[in-house]
Amino acid sequence: MVDTLSDRYARANRPVVFIEHDLDKLDQGLRRRQTMWFQARAGGNSAQTPLVMVDSGWKWAEGAVGNQFDKVYSGLVDDALAHPPDVALSAYYRRNGSAVDITAIVTNWSETSLAGASLAAILYEDKKILHTNHSGRASVAAAIGDNLGYGATGTYQLQLTPPNDVTWSRAHVVVVVDRRKPDGGAGYEAMQGAMAVEGVPPTATPDPPTATPVPTVAPTDTPVPPTTPPEEPTATPVPPTAVPTEAPGGTIYAPAIYRRYIMP
């Protein structure tokens with residue numbers, strides 16, 4: 001059913017990505033997405049699968065949803081598509097030995113600085129591992145840690161460690177900027193997402209970046225999310241670039257469906 005829905009949005013040329021994560025095989029970055037789901041629901045450490053969220057937990061669902069999967073999931077996605085983004089985002093990635101180096105260029109169009117926002121990158125494959133044809137394989141996240149004001153642009157770098165068995169011809173990297181909900185609600189929301197383009201930014205040099213790899217942790221059989229998100233490293237800032245001339249667009253991300261974009 002999720003693949004049917006994914007194909008429908010793809011045929012309509014809508015910027016939506018559906019990604020399925022195996023809750024028993026989460027690296028540290030993907031476990032952060034699971035934690036975001038529990039924080040969005042704001043109660044309890046157990047739940048009925050599937051756990052579904054869009055926009056980093058801006059909206060969520062769980063379990064059989066009364067067997068109205070199409071109605072509920074498409075409703076979540078359509079609401080996300082109509083939700084205006086708060087930043088403009090473009091992203092690039094390139095393989096660097098056993099790692100993946102990611103560069104994200106972020107322009108802040110929100111009314112607050114990005115000092116409390118985070119940058120996440122998710123590697124997924126067009127491959128059926130559990131139930132759907134789009135499987136999350138690895139992720140990394142870092143706090144932006146930059147007091148980026150309205151209209152200002154920052155360039156940041158992350159490094160992701162993928163599994164050894166990734167088939168790169170069908171792999172993709174999606175990048176998301178998210179933050180705590182500004183209205184004081186439970187959990188997080190995505191400010192924007194973007195599909196990363198393989199290569200380096202047009203003005204960048206091909207020298208290897210200096211970002212420090214983020215360690216992974218072994219998953220447990222029954223994942224129980226912490227009540228607070230794991231402490232994040234700080235994204236490596238790069239001297240700012242010119243403000244993009246394009247107006248910010250929308251994006252979709254949901255780990256068990258994903259959210260709005262010029263995206264991710």
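Quick rundown of the values:
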{"read-out": "Using a Förster distance of 25 Å, the FRET efficiency for ASN67-ASP7 (Cβ separation, nearest 0.05)", "value": "0.80"}
{"read-out": "Per residue convex hull volume, Cα atoms of region 51-204, in Å³", "value": "125"}
{"read-out": "Set of lysines with alpha-carbon distance to LYS25 below 20 Å, sequence-local pairs under 8 removed", "value": "LYS127, LYS128"}
{"read-out": "Residue order for VAL2, VAL100 - accessible surface, 1.4 angstrom probe, largest first", "value": "VAL2, VAL100"}
{"read-out": "Distance in nm between pseudo-label sites at ALA186 and ARG14 (7 Å out along the Cβ direction from Cα)", "value": "2.6"}
{"read-out": "Global geometry of region 70-155, whether rounded, prolate or oblate, following the gyration tensor of its Cα atoms and the 1.5 cut on a/c", "value": "oblate"}
{"read-out": "For region 135-199, the Rg and Dmax computed from alpha carbons only, in angstrom", "value": "14.6, 42"}
{"read-out": "Estimated inter-spin distance, THR49 and ASN96, nm [label 7 Å along Cα→Cβ]", "value": "3.4"}
{"read-out": "Residues in region 117-142 reached by a label modelled at ARG170 [backbone nitrogen below 12 Å; 7 Å Cα→Cβ]", "value": "125-130, 132-135"}
{"read-out": "Gain on full stretching of the segment that runs from THR203 to ALA115 - 0.36 nm per residue minus C-alpha separation", "value": "29.1 nm"}
{"read-out": "Karplus 3J(HN,Hα) series, Hz, for region 29-37 with 6.51 cos²θ - 1.76 cosθ + 1.60 (x for Gly, Pro)", "value": "x, 5, 5, 4, 5, 4, 4, 4, 4"}
{"read-out": "Charge context of SER139, other residues only, Cβ under 11 angstrom, K/R +1, D/E -1", "value": "+3"}
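The values are calculated or read from the model by the stated rules, or taken from the named source; none is laboratory data. Computed from a predicted structure; not experimentally measured. Positions of Cβ are generated from backbone atoms using ideal geometry, with glycine treated the same way; all protein chains shown enter the neighbour counts. Remember, those area values only see protein heavy atoms, side chains included, never the ligands or the DNA or RNA. Shrake-Rupley method; radii C 1.70, N 1.55, O 1.52, S 1.80 Å.
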